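The values are calculated or read from the model by the stated rules, or taken from the named source; none is laboratory data. Since this is a predicted model, take the numbers as computed values, not measurements. Ideal geometry is used to build each Cβ from the backbone, glycine not excepted, and the neighbour counts take in all protein chains shown. What goes into the accessible areas is simple: the full protein's heavy atoms, side chains included, and nothing from ligands, DNA or RNA. Shrake-Rupley method; radii C 1.70, N 1.55, O 1.52, S 1.80 Å.
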Amino acid sequence: MSANESPSGKQPTARSEAVRDSAFLKACRREPVPHTPVWFMRQAGRSLPEYRKVREGIPMLESCMRPELVTEITLQPVRRHNVDAAIFFSDIVVPLKAIGIDLDIKPGVGPVVENPVRTRADLARLRDLTPEDVSYVTEAIGLLTRELGATPLIGFAGAPFTLASYLVEGGPSRTYENAKAIMYGDPGLWADLLDRLADITAAFLKVQIEAGACAVQLFDSWAGALSPADYRHSVMPASAKVFQAVAGYGVPRIHFGVGTGELLGLMGEAGADVVGVDWRVPLDEAARRVGPGKALQGNLDPTVLFSTREAVETKTREVLDAAAGLEGHVFNLGHGVMPATDPDALTRLVDHVHTQTAR
């Protein structure tokens, strides 16, 4: 793809040129920026009263399949907080639901799979994902790109390990004993499961990019449960396959996990252009672990936002100081926005980072 083409191969538009010149995409490409860009994981969600209002009475998965509702929810934090990027409102299990896996997102619990995937015969249930399976995603992103102006849209998907953990455990887990039992006890089945999920994940990201997403984030939410050796041998090949599958589009690829301080170098090695860092590792140390050639994203502790304005500014300064020598930095929290967070605290944080880092 030439530098002057959009991800879909079409000639650039005024929007695509403006988006390409955005602070967010420049930071991802490790280019000089007018200010440090800011966005928040879970910026569209329960912390916003307008989100709770439009979602009232609508189940989560149904919300993800209504293009007009997805558009409104995705835009809400852009309007309110003046963040430098929007992230597509969806859920990591949407592609699994789309291919016919019997699952639901239960309030207060999370994704629950009716019949867990634990045998080779179960792999047959994981068919290929087609664009037609998620036509509502294409429609929603089309609506969003007409509304966002120069604001970039980030697409996302769950990484193969995290999706496999939900599928094998049947729901959220603290120990992942069933998933690890297969990983250690039947490595052939495990490798085939993750490879199948890598294909599904890559297809889901391609749909988003071709519809207009100009960056993508791969959430390996539970990778922190792994040792570096297990990650390298049993998980990294599938994540690398996802990143390689979308490399030709030329959009920045972000990789994020929780509790992954020991894995940061490997997560970058898997193919990310930007490595997300949670709050446990300072960004200057994270840069040492990741090595050169990558931008970093993060990493204010989300709980800091419940403290005083002065405390928020002090901890924000610590993050910015640690990021001072980075090749590229996207300011974010070290995990998602917590539901009880005061929205005004987020708005003030965006303004503070913009003001403090104005070039």
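Residue count for region 109-127, restricted to those that are among the charged types (D, E, K, R), within 20 Å of residue 203 (Cβ to Cβ) and surrounded by 16 or more Cβ atoms within 10 Å (Cβ to Cβ): 0.
Filter region 308-356 down to residues that are part of a loop (DSSP other than H, G, I, E, B), closer than 23 Å to residue 256 by Cβ, free of Cβ contacts under 8 Å to residues at least 60 places away in the same chain and not aliphatic (A, V, I, L, M), then give me how many there are.
Keep residues of region 308-356 that are part of a loop (DSSP other than H, G, I, E, B), which gives 308, 323-328, 332, 334-342.
In the following step, the residues that additionally are closer than 23 Å to residue 256 by Cβ were identified as 323-328, 332, 334-341.
Still in the running and free of Cβ contacts under 8 Å to residues at least 60 places away in the same chain: 324-326, 334.
With the extra rule that they be not aliphatic (A, V, I, L, M), the set shrinks to 325, 334.
Result for region 308-356: 2.
Applying the set (1) buried (at least 21 other Cβ atoms within 10 Å of the Cβ); (2) in contact with a Pro (Cβ under 7 Å, 6 or more places away or on another chain) to residue 78 leaves exactly one unmet item: (2). Does at least one position in region 193-210 carry a residue that is in contact with a strand residue (DSSP E or B) (Cβ under 7 Å, 6 or more places away or on another chain), over 19 Å from residue 96 (Cα atoms) and of a type outside the set (S, T, N, Q)? No: zero hits.
What tally of residues in region 166-202 results from selecting those that are part of a helix (DSSP H, G or I) and in contact (Cβ under 8 Å) with a residue 60 or more places away in the chain? Show your work before the answer.
The initial filter retains those residues of region 166-202 that are part of a helix (DSSP H, G or I), namely 166-169, 177-185, 187-202.
When the remaining residues are screened for being in contact (Cβ under 8 Å) with a residue 60 or more places away in the chain, the result is 166-167, 178, 182, 189, 192-193, 196-197, 199-201.
The total comes to 12.
Among the residues of region 45-71, those that are hydrophobic (A, V, I, L, M, F, W, C), in a loop (DSSP other than H, G, I, E, B) and either over 19 Å from the mean Cα position of the chain (by Cα) or exposed (fewer than 15 other Cβ atoms within 10 Å of the Cβ) (or both) comprise 48, 58.
Identify, from the list 344, 278, 284, the residue that is farther than 25 Å from residue 49 by Cα, modelled with pLDDT of 95 or more, of a type in the set (D, E, K, R) and open to solvent by 30 Å² or more (accessible area, probe 1.4 Å). Can you show your working first?
On the way: 344 fails: farther than 25 Å from residue 49 by Cα; 278 fails: open to solvent by 30 Å² or more (accessible area, probe 1.4 Å).
Among 344, 278, 284, only 284 is farther than 25 Å from residue 49 by Cα, modelled with pLDDT of 95 or more, of a type in the set (D, E, K, R) and open to solvent by 30 Å² or more (accessible area, probe 1.4 Å).
Residue 201 satisfies every condition listed in (1) of a type in the set (S, T, N, Q); (2) surrounded by fewer than 23 Cβ atoms within 10 Å (Cβ to Cβ); (3) within 20 Å of residue 272 (Cβ to Cβ) except (2). Taking region 172-197 as the range and being under 30 Å from residue 107 (Cβ atoms), at pLDDT 95 or above and small (Gly, Ala, Ser) as the test, the residues that pass are 179, 181.
Of all residues in region 131-171, those satisfying the criterion of being open to solvent by less than 20 Å² (accessible area, probe 1.4 Å) and of a type in the set (Val, Ile, Thr) are 134, 137, 141, 154, 162, 168. In region 254-261, is there at least one residue being aromatic (Phe, Trp, Tyr) and buried (at least 17 other Cβ atoms within 10 Å of the Cβ)? Looking through region 254-261, at least one residue is aromatic (Phe, Trp, Tyr) and buried (at least 17 other Cβ atoms within 10 Å of the Cβ). Checked against the criterion of being at negative phi, open to solvent by 50 Å² or more (accessible area, probe 1.4 Å) and not charged (D, E, K, R), region 22-39 has at least one qualifying residue. The number of residues in region 12-44 that are aliphatic (A, V, I, L, M), under 27 Å from residue 338 (Cα atoms) and in a loop (DSSP other than H, G, I, E, B) comes to 2.
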